[in-house]
Amino acid sequence: MAHAYTRITDIQRQEFIEMFAALCKDDTPMVRRVASQYLGHMVLAVVEVGGRPTVEADGVVTRFLLPLYDHLSSTEQPDAVRLQTTENCVAFGKAISSIGNVKEGDVPMDHVKRMLPLIVSSIDDRSWRVRWTAASKFAGVVQAFSSLHDATETLVPAYEKLLQDPEAEVRTAATLNLASVAKCQALVDPPPLGRGLNTMNGRSKISVAERLVKRVTSLTEDDSEHVRAALAMVATELAPVLGKDATISHLVPPVLLLLRDAASEVRLNLISSLSALNEVIGVDLLSQSLLPAIVDLAEDGKWRIRMAIIQHIPMLAKQLGRVFFSEKLSSLCVAWLGDDISSIRQAAANNLKELTKLFGTDWAVEYLIPSVASIRNHPSYLRRVVALQACALMATEMEPETVRTDLLPMVLDMTTDTVPNIRFNVAKALQKIAPVAGPTVIETQIRPVINLLVDDLDTDVRFFAVKCQHYLDGEKINPS
């Protein structure tokens, strides 16, 4: 009905509204639940067709739809119906904001004053599911009403209450909306200084972000790991809104607390979201605290945590800078090549490629190649395989001369390894190195080795050697 409203005649629209109202008051809760789901759509459709007159004293929204909102959000309705209160509130806010300038004393503003208590009451609803729905959609409520006079003064304290809800699921949902709510451009009163004090006298209004950042510290001490993990995902997004000085004063201290959190998920989420903070203040203030957090995550018992931190290492390297990273973390990146999990070793090899691309050939020669060279003599063939793979990947990002003098000899030396897996990985590595090494080296060093491997006793070795041979025969490589 809501979707058809814009395509029918005025007489049919009146009939639609009356039928919709009847469905909203149906005796069957399931019918009322579905009707409630489409109330917001109906409001937007009505305002789209009729414009400002629909929200005036005798408009369709005022006479029909707003009373239906009151009815469906009342505490007498079952939880499944009340769950739609927040979503419908967002629709009403968008509809009223879309009609243009709304002043104090206008009928649309009276609608706002009538709806806000209902959305605020959902925060105290007896059902945690209703409160969770309000928390998860509260950013939309604030965005819809932020342009309306003084609406934010009511909504921000209500949001702060959600951050302190007894249920961890509700607090988590509210916390995930922290950055989105903080981006509201409206000004609000500062938080109360103490019970029984008239704290508003002589105090100027502040931004929503400045008010909410004061809640961040208390959230870092929340009993629920899920709440703290949610905070770690969004806390740094407050930095661009707060600006440099406020970020250093109010946001950096709780961020440092999160970096030292006992839960690895919390530390990982924070490290994953540092880019927003880096754009405002850089990570120099956090570098010394970042180091132990990264080391702990690198040694975490959960392999997925180790995988995640490996994937963020190139981003961290760019933010921390070449000097700090080289001194503190370069050895850690090579150590991952010896992880017990194959996926971690593969990711570590690719990580060395990304670091070589970021810091350059000379850096890789100094900090990576010596350690990789020692791994190729490891007793475990799995470690030797990953050393081969790392060499092949790094070669694609290095200067040709360095590849010919430092990497290629290491790969060629492993041709005679007793393990077939090593020998066929030599063939695969040479296929990647060949375009960088150049045609002269291909003919004098690479092709003779491949010809040797083509006659290997092992079937797999012969297969990959022939594959590399065909590649070399068909590859047109420019002289370097």
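The values are calculated or read from the model by the stated rules, or taken from the named source; none is laboratory data. Small disclaimer: the values here were computed from a predicted structure and weren't measured. Every residue, glycine as well, gets a Cβ built from its backbone with ideal geometry; the counts of neighbours run over all protein chains shown. Accessible surface is based on the protein model in full, side chains and every heavy atom, while ligands, DNA and RNA are left aside. Shrake-Rupley method; radii C 1.70, N 1.55, O 1.52, S 1.80 Å.
The figures follow:
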| item | result |
| --- | --- |
| Qualifying residues in segment 317-328 (those that are over 14 Å from Thr356 (Cα atoms) and in contact with a helix residue (DSSP H, G or I) (Cβ under 7 Å, 6 or more places away or on another chain)) - the one most open to solvent (accessible area, probe 1.4 Å) | Lys328 |
| Top-ranked residue of segment 55-84 - restricted to ones that are under 38 Å from the mean Cα position of the chain (by Cα) and polar (S, T, N, Q), ranked as surrounded by the fewest Cβ atoms within 10 Å (Cβ to Cβ) | Thr75 |
| Matching residues, segment 216-232, being surrounded by fewer than 20 Cβ atoms within 10 Å (Cβ to Cβ) and either in a helix (DSSP H, G or I) or among the aliphatic types (A, V, I, L, M) (or both) | Thr217, Ser218, Glu225, His226 |
| Qualifying helices (runs of 4 or more DSSP H) (wholly inside segment 47-102; at least 2 residues being of a type outside the set (S, T, N, Q) and touching a Pro at 6+ places or on another chain (Cβ under 7 Å)) | 79-82 |
| Met398 being part of a loop (DSSP other than H, G, I, E, B) and either at pLDDT below 95 or crowded, with 17+ Cβ neighbours inside 10 Å (or both) | yes |
| Where a residue in segment 118-132 is aromatic (Phe, Trp, Tyr) and its partner, wherever it lies, is in a helix (DSSP H, G or I) and open to solvent by 60 Å² or more (accessible area, probe 1.4 Å), with Cβ under 8 Å and at least six apart | Trp128/Glu169; Trp132/Glu169 |
| Some residue of segment 377-384 being open to solvent by 10 Å² or more (accessible area, probe 1.4 Å), in contact with a helix residue (DSSP H, G or I) (Cβ under 9 Å, 6 or more places away or on another chain), more than 17 Å from Ser326 (Cβ to Cβ) and small (Gly, Ala, Ser) | yes |
| Verdict on Arg423 being in a helix (DSSP H, G or I) and surrounded by fewer than 19 Cβ atoms within 10 Å (Cβ to Cβ) | no |
| Residue check for Thr418: among the polar types (S, T, N, Q), farther than 20 Å from Ser343 by Cβ, open to solvent by 10 Å² or more (accessible area, probe 1.4 Å) and in contact with a helix residue (DSSP H, G or I) (Cβ under 8 Å, 6 or more places away or on another chain) | no |
| Index of the failed condition, Leu457 passing every other in (1) over 30 Å from Ala335 (Cα atoms); (2) in a helix (DSSP H, G or I); (3) open to solvent by 60 Å² or more (accessible area, probe 1.4 Å); (4) among the aliphatic types (A, V, I, L, M) | (2) |
| Within segment 343-364, tally of residues that are open to solvent by less than 50 Å² (accessible area, probe 1.4 Å) and closer than 18 Å to Thr396 by Cα | 13 |
